[in-house]
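A.B. asks: Shown below is the structure under consideration.
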Amino acid sequence: MQLLRRGDAGPPVAEVRAALEAMGVLEASAPSGLFDDALEHAVRVFQQQRGLITDGVVGPATYRALRDARWSLGDRMLRFDPAAQMTGDDVFALQERLLELGYDSGRADGVFGRQTEQALRSFQRDYGMTPDGMCGPRTLRHLGYLGRKVTGGRPGLLREQERLHRAGPRLSGKRIVIDPGHGGSERGAAVGAGGSTVTEADLVSDIARRLEGRMAAAGMEALLSHGPHDCPSDAERAGFANTAGADVLLSLHVDASPSPSANGLAAFHFGTGNGATSTVGEALAGFIHRELLARTRMLDCGVHPRPWELLRLTRMPAVRVEIGYLTNDGDRTALLDPGFRDVVAESILVAVKRLYLLGQDDKPTGTFTWAEVLQREEGRPAGV
Ligand SMILES: [Zn+2]
């Protein structure tokens, strides 16, 4: 190709100008085919950003980089074509995302090669899609990209950590979505007890209300994912939390088993089991689990990564807890005690506080009290 430099004119210059304007590197002006001083400056800025030789001249490397920069993920269908490999910033963003999720797409280089295809197929297989190696709208949705603009940064799981570190230790101002499991005519686990029926939906909505009240008292903004008469899908619950811009989502459930001896407490956070995990979600699940175990003496059924829709589609750390088994006599008796449900709500609140303290707290698990949490929030006396 012919080199373009200051003083040149014509349609190729107009094309370079339009590309730099679209990126915001060059101020938009009337359509012009002239390579002027402003354009030369913009070319230098672009070259510097991309690690190219900063000479203000558009040669083959700069021209290729300008073409690649036009694409952002979601603009077109991406696939492996051995005859003409696709290149672009969208391919780069896809590779970064796959690497972040634990799929080895090789070095992120913006070229859709065979290894990128293999990594994409593995991802699709793990997430229950047809492993066709093509990245279209459905795959993007599963990658968590739909509906947000990707600008080439490192989104997703790493962003959660940055956000947590910026959030500060205070609970006040944090927005929490509390998601009581089931709802409406969906009652979840149900067991006849003492002539009436106890349902999971009743118990978890009661715990949700106790938690909501305490969070409000601590200056947090607690939102319920749905009203008592609806049972949204997991995707809808996740969508609610995303739209609300929540800092954390907490999903409350009680388990059931055909075996009456099954009992105990389990917590779940996003993870695929192949190394990709929400580290903040895992930390929060661990805090909730340990606080609950220490205060309730329930059996430890572990903290587990799961690729469930609710955990996968939420853009903030999300934890699901299964608070005992309704089908177990001991767990059910505890759950039917309002005092126990208060302890559950306080354990979860203290766990959220610990998350924001980033391990700076000095209190052993199970000893941080509700009154102390309030006291640590600005100017609030203990014992309120
Ligand atoms: Zn449930």
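A.B. asks: Can you send over the solvent-accessible area of His165, 1.4 Å probe, protein chains only, in Å² to the nearest 10?
C.D. replies: 130 Å²
A.B. asks: Where does the charge balance sit around Ala238 when Lys and Arg score +1, Asp and Glu -1, over other residues with C-beta under 11 Å from its C-beta?
C.D. replies: -1
A.B. asks: Next up: Just to be sure I understand the model, the point goes 7 Å from the Cα along the line to the Cβ. What's the resulting Gln85 to Ala190 distance in nm?
C.D. replies: Modelled inter-label distance: 5.9 nm.
A.B. asks: Next up: At a probe radius of 1.4 Å, what is the per-residue accessible area of Arg187, in Å² to the nearest 10?
C.D. replies: Rounded to the nearest 10, that gives 70 Å².
A.B. asks: Starting from the Cα of Thr243, step 7 Å along the direction of its Cβ; do the same at Ser172; then give the gap between the two resulting points in nm.
C.D. replies: Result for the modelled spin labels: 3.0 nm.
A.B. asks: Here's a follow-up. With a sphere of radius 9 Å drawn around the Cβ of Leu73, what net charge do the other residues whose Cβ falls strictly inside it have (Lys, Arg +1; Asp, Glu -1)?
C.D. replies: Every neighbour counted, the sum reads -2.
A.B. asks: Percent of accessible area on the chain owned by carbon and sulfur, 1.4 Å probe?
C.D. replies: Solvent-exposed carbon and sulfur of the chain make up 51 percent of the total.
A.B. asks: Name the residue farthest towards the positive end of the dipole of segment 319-374 from the options Phe368, Val352, Gly339, assuming +1 on Cβ of Lys and Arg, -1 on Cβ of Asp and Glu, about the Cα centre.
C.D. replies: Farthest towards the positive end: Val352.
A.B. asks: Please give the calculated 222 nm ellipticity per residue for the chain, where each DSSP H segment of at least 4 residues contributes -39500 (n - 2.57) and the sum is spread over every residue; nearest 500 deg cm²/dmol?
C.D. replies: Dividing the helical sum by the residues of the chain leaves -13000 deg cm²/dmol.
A.B. asks: Let me ask something additional. Can you give me the accessible area per residue for segment 1-132, using a 1.4 Å probe, in Å²? Display every interim value, and only then the final one.
C.D. replies: Values: 6940 Å² over 132 residues.
I get 53 Å² per residue for segment 1-132.
A.B. asks: Averaged per residue, what accessible area in Å² does segment 256-343 show with a 1.4 Å probe, protein chains only?
C.D. replies: Working: 3440 Å² over 88 residues.
Here the residues of segment 256-343 average 39 Å² of exposed surface.
A.B. asks: Okay, moving on. With each pseudo-label sitting 7 Å past Cα toward Cβ, what's the Arg138-Thr279 distance in nm, one decimal?
C.D. replies: 3.4 nm
The values are calculated or read from the model by the stated rules, or taken from the named source; none is laboratory data. Note that this is a predicted model, so its numbers are computed, not measured. In this analysis, Cβ positions are derived from the backbone assuming ideal geometry, glycine residues included, and neighbour counts consider all displayed protein chains. The accessibility values were calculated without ligands, DNA or RNA, using every heavy atom of the protein model including side chains. Shrake-Rupley method; radii C 1.70, N 1.55, O 1.52, S 1.80 Å.
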